[in-house]
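Q: Here you go, one structure.
The values are calculated or read from the model by the stated rules, or taken from the named source; none is laboratory data. Only a predicted model underlies this, so the values are computations on that prediction, with no experimental measurement involved. Note that we place each Cβ from the backbone using ideal geometry, even for glycine, and neighbour counts take in every protein chain shown.
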Ligand SMILES: CCCCCCCCCCCCCCCCCCCC(=O)SCCNC(=O)CCNC(=O)[C@H](O)C(C)(C)COP(=O)(O)OP(=O)(O)OC[C@H]1O[C@@H](n2cnc3c(N)ncnc32)[C@H](O)[C@@H]1OP(=O)(O)O
Ligand SMILES: Nc1ncnc2c1ncn2[C@@H]1O[C@H](COP(=O)(O)OP(=O)(O)OP(=O)(O)O)[C@@H](O)[C@H]1O
Ligand SMILES: O=C(O)CCC(=O)C(=O)O
Ligand SMILES: [Fe+2]
Ligand SMILES: [Mg+2]
């Protein structure tokens, strides 16, 4: 969603005013704006990385796409490591290999064709390098501030749809999964590992929805089944403008955890790969989600944790994040 030109100008002026630059005289329509009260930018910090236009775009839309941010060489290395993991040449502590629900019980699909997603690769030195790339962190800092934790890591290998439409990711807000706040100090970096298009199931976003609140999430009632923990929002406005984020290999989108997004079916014979990390300011704090819309996911995560570590230790929703999060810049002040 583009801001109206006059509104953009107003916010830019305000931004520049607060940074001590007197530029009002350089804008022809400045006089007309002098009666406007300044509004603060809520979602971004001024670190000299984002241009005023880019800051405004994120404030207004809840995402920003940076082209060609990760090199071909790095992406090829991540891809090789992914292959090694799928062949079981390496075993990484904590890493979860997820199969698509439509083939979860099949013995006939093996190797990387059976893998929909790697999750929690924080102990894999090669893949975790993605989360520490300086050119990514430089942008992340604009949203989180200087103390940065990598909270959640994924390599998504969206499979060709088997005909059951299970390759879709329902519309959701990532904040549903996070028991920490404030939301504005959390951001996801998502990098295309190859060309992503509407055909192979690119990200679909509803611009501006980051300004709303966290919605109730449940399993969608999809005939062909739904992947574990793929909760979706039932009642999002189907008439809200949708943007399909088609991207080239290495392009990276940064988006707010309240931004409603999902991804469509993969209608191609190839696997659509992307690598992502959710970052949060280390100054964020954990919240109690009892009695909130997040209670369902909290119970589900605690149940999964119990299955993994056994009944002896109790791992809370909050603990599950505290043990997986890794500091990537600054000090681990809180999270
Ligand atoms: C000491 C530290 C402990 C900390 C542990 C904490 C764990 C917490 C995990 C929390 C994840 C939170 C996600 C955060 C997301 C952030 C925002 C991003 C939004 C999303 O990505 S939403 C999607 C998130 N999805 C997941 O996190 C799912 C992760 N997957 C898994 O955990 C496993 O792959 C899974 C699905 C549990 C399967 O376990 P696995 O042991 O590998 O498989 P089995 O073959 O033993 O099958 C067990 C059982 O599950 C069925 N199954 C398998 N795959 C699927 C599937 N894709 N969908 C649905 N069901 C599946 C399988 O058929 C078996 O069923 P039975 O009936 O036979 O028991
Ligand atoms: N019936 C549905 N209920 C809920 N969410 C859906 C439904 N169909 C699609 N979605 C979600 O909407 C987003 C876009 O999905 P969809 O498969 O329509 O892809 P698309 O790229 O819009 O494809 P198309 O070209 O067919 O419109 C995804 O997040 C998807 O999971
Ligand atoms: O890569 C995708 O299909 C979307 C993944 C996503 O939104 C998520 O895992 O939170
Ligand atoms: Fe998501
Ligand atoms: Mg559609």
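Q: Would you check if residue 224 is part of a loop (DSSP other than H, G, I, E, B) and modelled with pLDDT under 95?
A: Considered against the rule, which asks whether it is part of a loop (DSSP other than H, G, I, E, B) and modelled with pLDDT under 95, residue 224 comes out as yes.
Q: Please pick out the residue among 274, 280 that is modelled with pLDDT of 95 or more and more than 14 Å from ligand 3 (Cβ to nearest atom).
A: 280
Q: Go through region 168-179 and report how many residues are within 15 Å of residue 266 (Cβ to Cβ) and within 11 Å of ligand 1 (Cβ to nearest atom). Full working, then the answer.
A: As a first pass, look at region 168-179 and keep what is within 15 Å of residue 266 (Cβ to Cβ): 168-170.
Adding the requirement that they be within 11 Å of ligand 1 (Cβ to nearest atom) leaves 169-170.
Residues meeting the conditions: 2.
Q: Among the candidates 210, 244, single out the residue that is away from ligand 1 (no atom under 12 Å from the Cβ), in a strand (DSSP E or B), under 13 Å from residue 63 (Cβ atoms) and touching a residue at least 40 places away in the same chain (Cβ under 8 Å).
A: Step by step, each of 210, 244 is checked, and only 244 is away from ligand 1 (no atom under 12 Å from the Cβ), in a strand (DSSP E or B), under 13 Å from residue 63 (Cβ atoms) and touching a residue at least 40 places away in the same chain (Cβ under 8 Å).
Q: Now, a different point. Applying the selection to region 120-151, what residues are closer than 25 Å to residue 184 by Cβ and free of Cβ contacts under 8 Å to residues at least 60 places away in the same chain?
A: If the condition is that a residue be closer than 25 Å to residue 184 by Cβ and free of Cβ contacts under 8 Å to residues at least 60 places away in the same chain, then 134 is the only one that fits.
Q: Filter region 320-329 down to residues that are touching a strand residue (DSSP E or B) at 6+ places or on another chain (Cβ under 9 Å) and in a helix (DSSP H, G or I) and give me whichever is nearest to ligand 1 (Cβ to nearest atom).
A: First, pick out the residues of region 320-329 that are touching a strand residue (DSSP E or B) at 6+ places or on another chain (Cβ under 9 Å): 321-322, 324-329.
If we keep only those that are in a helix (DSSP H, G or I) as well, we get 321-322, 324.
On the way: 321: 8, 322: 9, 324: 6 Å.
Checked region 320-329; the qualifying residue nearest to ligand 1 (Cβ to nearest atom) is 324.
Q: Please find, within region 79-124, the residue that is surrounded by the most Cβ atoms within 10 Å (Cβ to Cβ) out of those that are in a loop (DSSP other than H, G, I, E, B) and touching a strand residue (DSSP E or B) at 6+ places or on another chain (Cβ under 8 Å).
A: That would be 121.
Q: Give 301, 253, 289 a once-over and let me know the one that is touching a helix residue (DSSP H, G or I) at 6+ places or on another chain (Cβ under 6 Å) and not in a loop (DSSP other than H, G, I, E, B). Steps first, please.
A: Values: 253 fails: touching a helix residue (DSSP H, G or I) at 6+ places or on another chain (Cβ under 6 Å); 289 fails: not in a loop (DSSP other than H, G, I, E, B).
So the residue among 301, 253, 289 that is touching a helix residue (DSSP H, G or I) at 6+ places or on another chain (Cβ under 6 Å) and not in a loop (DSSP other than H, G, I, E, B) is 301.
Q: Continuing with the same structure: Does residue 68 satisfy the criteria of being at pLDDT 95 or above and on the phi > 0 side of the Ramachandran plot?
A: On the way: at pLDDT 95 or above: yes; on the phi > 0 side of the Ramachandran plot: yes.
Yes.
Q: Determine which member of the set 95, 65 is within 28 Å of residue 184 (Cα to Cα) and over 18 Å from the mean Cα position of the chain (by Cα).
A: On the way: 65 fails: over 18 Å from the mean Cα position of the chain (by Cα).
Matching residue, one of 95, 65: 95.
Q: Specify which of the listed residues (283, 251) is surrounded by 14 or more Cβ atoms within 10 Å (Cβ to Cβ), closer than 18 Å to residue 187 by Cβ and more than 18 Å from the chain's Cα centre (by Cα).
A: Values: 251 fails: more than 18 Å from the chain's Cα centre (by Cα).
After applying the criteria, what remains is 283.
Q: Okay, moving on. Determine, yes or no, whether residue 230 is within 16 Å of ligand 1 (Cβ to nearest atom) and part of a strand (DSSP E or B).
A: Taking the combined requirement at face value, the residue does not satisfy it.
Q: Let me ask something additional. Going by the structure shown, is residue 296 within 26 Å of residue 100 (Cβ to Cβ), at pLDDT 95 or above and buried (at least 18 other Cβ atoms within 10 Å of the Cβ)? Break it down stepwise before answering.
A: Numbers: within 26 Å of residue 100 (Cβ to Cβ): yes; at pLDDT 95 or above: yes; buried (at least 18 other Cβ atoms within 10 Å of the Cβ): no.
When the stated conditions are applied, residue 296 does not pass them.
Q: Restricting attention to region 213-241, which residues are under 17 Å from residue 102 (Cα atoms) and free of Cβ contacts under 8 Å to residues at least 60 places away in the same chain?
A: 219, 220, 221, 222, 223
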